[in-house]
Amino acid sequence: ANSVLSSYGTTIFTVMSQLAQQHDAVNLGQGFPEGLEPPKVLRAAAEAAEAGPHQYPPMMGIPALRQAVAAHDRRFYGLDLDPDAEVMVTSGATEALADCLFGLIEPGDEVVLIEPLYDSYVPIIRRAGGIPRTVRIAPPDWTLPRDDLAAAFSDKTKLIVLNSPMNPSGKVFDSDELAFIADLVERYDTYAVCDEVYEHLVFDGRTHIPLMTLPGMRERCARIGSAGKTFSVTSWKVGYIVAAPALMAPIAKTHQFLTFTTPTCLQTAVAAGLGQDPAVLEQLGPDMAARRDRLADGLRGLGFPVMDCAGTYFLTTDIRGVGFEGTDEEFCRHITAEAGVTAVPFSAFYRDPAAAPRHYARFCFAKLDSALDEAVARLARHF
Ligand code: PMP
Ligand code: GLN
């Protein structure tokens, strides 16, 4: 037993980004944006770093940021949050997810998940002793399979993890689907951990609806946001959780032993960002949708079918469209090495990659036009 130091694998984002670097490829694999960092927010960080203080801030986050999160959630979603009792700052949404899952799951609890899903959920749930129950949505339109979802809930269910807008599918859950989920959450007396890091990355006039805003859900949901996504600064790792006090208590207890706090200067800058004109956040979706269209048009022109994408940084393509006959993993390695473009194999987003569909690849379009054009040109020379 001592020879097995950890059952965790290596995340696909590290694998593909290293490969991209090795081949000097245009990296449309790992999801991070280019050229959208708001100058005001960067200046606020620099000023706060200059001014200090530089010692441990309060465990729940600095008051200015907790108030800014509460004001943001009131402005965008009509939520009425007590910044002192119902908002906690974390070191990124990744920590927020770990706080929620380690804080709420007891060994043997079942957790409902919808796949394809973000890759950090299942390893943390398992390490917490939870048992994942997955249901699948499928391209091209990512319809929620309601019967499967209802069948995944039972008396053993502790919570559902709901990611909307959803990585990697780009699905945005509508009010009807959310009402269906809310009904199950209530009926089985469970909770929902709502990963809403792409809340401002919704396209084509749609709106993001937090599950927390539905009737009966205010006390049952922990809603997670990320400044990394909202302000296009993924290295900053500033996230937040909003939840009713009773639900926040075990989550905050976990946070105190995982990171305890997050750098003050970055919290200050994020507070300033959330405090600026909301129009800045409303512009993010349309800007990103233009990038989606640019890459989708380019890929379609090469023969790749592109699946519906209502939000996030990502679109899904069917690799068989260009006659590729290997697996998604082979495809992503192949285009990295041979064409100089990197994507992520879709099967990495399933609980059991061996039982996942093997003919889709995820491309990140949150890049400069020049990078998107170069990627398409490189693929065009190859296919
Ligand atoms: N959830 C989802 C769905 C994500 O795509 C990501 C990654 N960017 C995260 C959580 C983690 O966010 P953060 O960088 O704030 O830790
Ligand atoms: N969320 C990003 C993605 O899905 C990457 C996060 C990471 O590298 N861990 O690509």
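Observations on the model:
- Considering only Phe32, Phe231, Phe180, the Gaussian network model of the chain with Cα springs below 10 Å gives its largest mean-square fluctuation to Phe180.
- Using Cβ point charges alone (K and R +1, D and E -1), the dipole size of the stretch 48-206 about the Cα centre works out to roughly 300 debye.
- A straight chain from Asp373 to Ala249 at 0.36 nm per residue would run longer than the Cα-Cα distance by 39.8 nm.
- Nitroxide proxy distance, nm - points 7 Å out along Cα→Cβ at Ser175 and Tyr56: 4.6 nm
- Positive-end ranking of Thr316, Pro245, Ile62 along the dipole of the chain, with charges on Cβ about the Cα centre, is headed by Ile62.
- Max-minus-min Cα coordinates of the stretch 273-383 on each principal axis give 49, 35, 22 Å, with the largest extent listed first.
- Sequence-distant residues sharing a close amide H with Gly130 (under 5 Å, placed H): Gly108
- Added length on full extension, which subtracts the Cα-Cα distance from 0.36 nm per residue, Glu330 to Asp277: 14.6 nm
- Nitroxide proxy distance, nm - points 7 Å out along Cα→Cβ at Leu258 and Ala150: 3.4 nm
- Pairs of Lys residues in the chain that lie 8 or more places apart, or on two chains, and have C-alpha atoms under 19 angstrom apart add up to 6.
- Structure-based [θ]222 nm, the chain - -39500 (n - 2.57) summed over DSSP H runs of at least 4, per residue, nearest 500: -12500 deg cm²/dmol
- Restriction of the GluC sites (Glu not before Pro) in the stretch 300-380 to DSSP coil positions whose beta-carbon has at most 11 other beta-carbons within 10 angstrom yields Glu325.
- DSSP finds beta bridges in the stretch 44-276, and of those with both partners inside it, around 30 percent are antiparallel.
- Label-point separation, Ala354 to Ala46 (7 Å along Cα→Cβ), nm: 5.3 nm
- Cα-based radius of gyration of the stretch 44-276 once divided by 2.2 N^0.38 Å, which approximates compact folds: 0.98
- Sparsely packed loop sites in the stretch 235-268 (the chymotrypsin sites (Phe, Trp or Tyr not before Pro) outside DSSP H, G, I, E and B with at most 16 other Cβ atoms within 10 Å) comprise Phe260.
- Loop sites in the stretch 196-248: GluC sites (Glu not before Pro), DSSP, at most 16 other Cβ within 10 Å: Glu219
- Between amide H atoms placed 1.01 Å from N, distances below 5 Å from Thr90 occur with Gly239, Tyr240, Ile241, all of them 5 or more places distant or on a separate chain.
Every number here is computed from the coordinates shown, using simple stated rules; none is lab data. None of these values were measured; they are calculated from a predicted model. When we count neighbours, we look across all protein chains shown, and the Cβ atoms used for this are built from the backbone with ideal geometry, even at glycine.
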